[in-house]
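A.B. asks: My structure is below; once you've seen it, I'll send some questions.
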Amino acid sequence: MERSLLVIMAFAASTVAANAADVAPADVAFVDGSVEASLSGVPGDPENGRKIVGDKALGNCVACHQASDLSDVPFQGNIGPMLDGAGERWSEADLRGIVTNAKMMFEGSMMPSFYKVDGFIRPGKAFTGKAADDTLAPLLDAQQIEDVVAYLVTLKDY
Amino acid sequence: MKRLTATLTIGLVAATLATADPVDDTLVLNGETEIVTRTEAPEAVADVFDEVISGWHFRGDETREMQADDFDNPGMIFVEQAEDVWNTAEGSVGKSCADCHGASEEMAGVRPVYPKWNEEAGEVRTLEMQINDCRETRMGAEKWKYSGGDMINMTALLASVSRGMPVNVAIDGPAQSTWEQGEELYYTRFGQFELSCANCHEDNNGNMIRADHLSQGQINGFPVYRLKNTKLNSAHGRFKGCVRDTRAETFAPGSPEFIALELYVGSRGNGLGVEGPSVRN
């Protein structure tokens with residue numbers, strides 16, 4: 001907590017080496033902002049996805065979004081829309097596209113791109129303030145994205 | 001009555017987390033000096049804001065009250081320390097600040113116009129740069145570290161004697177190119193999060209980012225005593241933290257980038273009263 005002034009979005013970039021079967025960040029195929037094919041080829045685990053969305057050190061989606069299903073998680077932000085009903089408003093492919101790189105769906109979006117490793121201006125080494133090195137990993141790995149998507153799909157209620 | 005409204009607003013925020021408007025309150029220093037904490041937007045931001053609002057309105061009741069009274073404001077301890085330094089001769093010339101400038105109160109009106117173009121030096125100077133120039137060329141003393149304790153304390157003293165005076169940073173003439181550089185930095189989406197100052201402080205002030213109530217990111221209150229780290233923090237220190245938290249390679253206090261950014265951000269608060277040392281969480 002002391003280390004970072006804000007600690008609002010302490011995402012832990014995954015340190016796990018990318019799985020050989022994963023679609024690499026540069027190879028993700030977007031169609032109108034959506035991504036049809038699974039990034040990992042392994043079905044997502046909604047339970048784990050729920051954890052990632054609420055965990056400060058993982059997705060920390062609640063830094064910007066509120067979700068009634070996550071009412072056990074304190075301090076939810078309101079930068080983005082409520083996630084309630086996201087699984088009703090969007091298809092699984094849409095949600096995969098949004099979490100992978102929201103800017104493909106919403107031009108100029110403030111939402112960070114969770115599965116992207118290049119094209120940044122002055123990328124840093126996590127929250128150290130120092131320059132990134134060749135270990136720069138996406139904010140979430142392929143399976144974590146699939147888990148989050150599997151969870152979002154379950155958010156049918158408003 | 002105002003206070004009642006403030007309490008009600010906060011109660012609502014806690015309950016719903018949905019809206020978090022700046023608190024409706026008036027900053028009266030030591031029961032006598034009213035400080036302008038919201039005012040019509042200056043030229044630099046007239047196209048994006050109707051009104052510019054001090055970060056003071058975005059803090060809780062206790063934090064706001066602490067700043068309203070010098071006996072409660074922990075930042076004033078550092079002002080007192082700087083007052084001693086102001087009157088102490090140092091360096092090969094054997095002079096104190098007071099030997100050239102008189103009492104510290106004589107410096108009222110200086111803080112509000114910095115950063116400022118210095119004709120002889122041909123550069124935009126922050127208050128810190130000017131202080132160090134005095135130390136080196138007029139006192140024959142060593143420079144202070146840009147955001148070190150001595151420097152922050154002295155900027156707190158110089159801010160304190162200007163409290164209530166409107167920020168009035170000049171952005172035209174020779175300062176213009178530096179100002180434009182600052183503007184560009186303000187809108188650059190840095191780091192792995194690809195976030196600019198504007199994403200948080202222009203587009204989302206009033207909103208919550210996790211537990212933080214986003215303000216307009218004004219610097220009229222600097223240096224700021226933060227309850228979180230229990231010390232005075234410089235504007236460049238805050239910039240450094242905000243850029244770092246976008247998962248970016250940040251810039252250093254005193255760097256040309258932050259000097260330009262300070263000029264630009266300062267001008268976005270033209271018209272707000274000087275508050276430093278203010279209190280924030």
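A.B. asks: For the range B:102-132, enumerate the residues that are in a helix (DSSP H, G or I) and surrounded by fewer than 15 Cβ atoms within 10 Å (Cβ to Cβ).
C.D. replies: Selection gives B:GLU105, B:GLU106.
A.B. asks: For the range B:16-89, which strands (runs of 3 or more DSSP E) that fit wholly inside it have 3 or more residues that are surrounded by fewer than 17 Cβ atoms within 10 Å (Cβ to Cβ)?
C.D. replies: In the range B:16-89, no matching strands (runs of 3 or more DSSP E) lie anywhere.
A.B. asks: A follow-up question, please. Any idea which of B:GLN218, B:GLN181 is polar (S, T, N, Q), farther than 20 Å from B:LEU27 by Cβ and touching a helix residue (DSSP H, G or I) at 6+ places or on another chain (Cβ under 9 Å)?
C.D. replies: So the residue among B:GLN218, B:GLN181 that is polar (S, T, N, Q), farther than 20 Å from B:LEU27 by Cβ and touching a helix residue (DSSP H, G or I) at 6+ places or on another chain (Cβ under 9 Å) is B:GLN181.
A.B. asks: Right, something else. What residue, of A:ASP45, A:ASP32, A:ASP69, is closer than 27 Å to B:ALA20 by Cα and acidic (Asp, Glu)?
C.D. replies: Exactly one residue qualifies, and that residue is A:ASP69.
A.B. asks: Also, quick follow-up: When residues of the range A:120-140 are filtered for being surrounded by 21 or more Cβ atoms within 10 Å (Cβ to Cβ) and of a type in the set (A, V, I, L, M), how many remain?
C.D. replies: Number of matching residues: 3.
A.B. asks: Let me ask something additional. Report the residue count in the range A:32-75 for those that are in contact with an Asp or Glu (Cβ under 8 Å, 6 or more places away or on another chain), of a type in the set (A, V, I, L, M, F, W, C), away from chain B (no Cβ under 14 Å) and surrounded by 19 or more Cβ atoms within 10 Å (Cβ to Cβ).
C.D. replies: 2
A.B. asks: Quick one: is A:PHE120 among the aromatic types (Phe, Trp, Tyr) and more than 16 Å from the chain's Cα centre (by Cα)?
C.D. replies: So A:PHE120 fits the description; yes.
The rows are residues; the columns are (1) more than 10 Å from the chain's Cα centre (by Cα); (2) of a type outside the set (Ser, Thr, Tyr); (3) closer than 17 Å to A:ALA24 by Cα.
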| residue | (1), (2), (3) |
| --- | --- |
| A:ARG96 | no, yes, yes |
| A:MET110 | yes, yes, no |
| A:PHE127 | yes, yes, no |
| A:ASP134 | yes, yes, yes |
| A:LEU140 | no, yes, yes |
| A:LYS156 | yes, yes, no |
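A.B. asks: Suppose we filter B:GLY94, B:GLY11 for residues that are at pLDDT 95 or above and of a type outside the set (A, V, I, L, M, F, W, C); which single one remains?
C.D. replies: Residue meeting the stated conditions: B:GLY94.
A.B. asks: Do we have any residue at all in the range B:95-107 that's within 14 Å of chain A (Cβ to nearest Cβ) and in contact with a His (Cβ under 8 Å, 6 or more places away or on another chain)?
C.D. replies: no
The values are calculated or read from the model by the stated rules, or taken from the named source; none is laboratory data. Treat the numbers as computed from the prediction; the structure is a model and nothing was measured. Because the Cβ atoms are built from the backbone with ideal geometry, glycine has one as well, and the counts that use them run over all protein chains shown.
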